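Inspection log for the structure reproduced underneath, given as structure tokens.
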Amino acid sequence: MNKLEKTTVCIDSAVAERIAKFASQHGKTRNEIIAAMAEYFAKNGIDPVNAEPPTEAINRLAKRNEEMIKLFRAIEKDSLRPMILECQKIPEYIKKLANYLATQDKSIKNGIWRLHNDTVPGDNYNEDKYKAFFSDVH
């Protein structure tokens with residue numbers, strides 16, 4: 001078993017007492033607490049001398065979150081809503097096109113019926129539905 005090399009660190013007695021109390025509260029040795037602190041600072045990129053309070057970091061994140069919400073609302077208003085409105089007009093455009101095409105030729109009329117009902121040439125279809133569909137189109 002490897003024996004760990006130990007060293008002595010000179011700290012104020014008040015700091016030593018705080019570390020001892022903290023270690024006692026968490027059921028750890030002073031060495032484990034100091035090692036955990038060093039690991040925490042290194043892992044999280046925190047400068048323990050010039051660290052900002054957590055409330056400042058939270059406020060900064062909250063502000064960034066608000067900026068993102070404003071961006072999403074602007075995209076919704078400027079892009080998504082107009083696209084949705086245009087997409088809602090598509091059935092009317094299709095109906096107008098069907099009206100026009102239905103007056104043109106019986107083969108076109110049959111093609112529109114097949115597209116509307118997902119049928120292929122030669123499929124049986126309901127004649128009453130066919131007539132009702134095109135009575136709406138005319």
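For this structure, a couple of remarks:
- Positions within the range 1-13 being of a type outside the set (Val, Ile, Thr) and more than 17 Å from Pro48 (Cβ to Cβ), in sequence order: Met1, Asn2, Lys3, Leu4, Glu5, Lys6, Cys10, Ser13
- Residue match in the range 57-69 (condition: surrounded by 11 or more Cβ atoms within 10 Å (Cβ to Cβ) and closer than 30 Å to Lys6 by Cβ): no
We did not get these values from a lab; they are worked out from the coordinates using the rules stated. Given the structure is predicted, the values throughout are model-derived calculations rather than measurements. Note that each Cβ is placed from the backbone with ideal geometry, even for glycine, and that neighbours are counted across all protein chains shown.
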